[in-house]
Amino acid sequence: MDARRNWQDLPDAEGRFGPYGGRFVAETLMPLVLDLERAYRAAQADPAFAATMADFWTHYVGRPSPLYFAE
């Protein structure tokens, strides 16, 4: 095993995490998962989607939560 592999290299084009890893989904759900994958890949190519995601990463992700410790 090559310990120098970066997690960003995974999964590969086939959805596998190394020589043994993959995805486990019940066969009855696979058509839905594949539809979702196609829709996500199409959205990734859309500049408006990319701009929306960049805005979320910049202004929303990592902000403090509205939850607080109640004493």
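So in the stretch 32-71, with the set limited to residues that are assigned to a loop (DSSP other than H, G, I, E, B) and small (G, A, S), which one is farthest from A13 (Cα to Cα)? Steps first, please.
Of the residues in the stretch 32-71, the ones assigned to a loop (DSSP other than H, G, I, E, B) are 45-46, 60-71.
Keeping just the survivors that are small (G, A, S) gives 45, 62, 65, 70.
Numbers: A45: 16, G62: 29, S65: 35, A70: 46 Å.
For the stretch 32-71, the residue satisfying everything is A70.
Report, by residue number, each residue of the stretch 9-56 that is polar (S, T, N, Q) and at pLDDT 90 or above. Give the steps one after another, and end with the answer.
First pass over the stretch 9-56, keeping only residues polar (S, T, N, Q): 28, 44, 52.
Listed by number, the residues that qualify are T28, T52.
The values are calculated or read from the model by the stated rules, or taken from the named source; none is laboratory data. For clarity, every value in this text was computed on a predicted model and none was experimentally measured.
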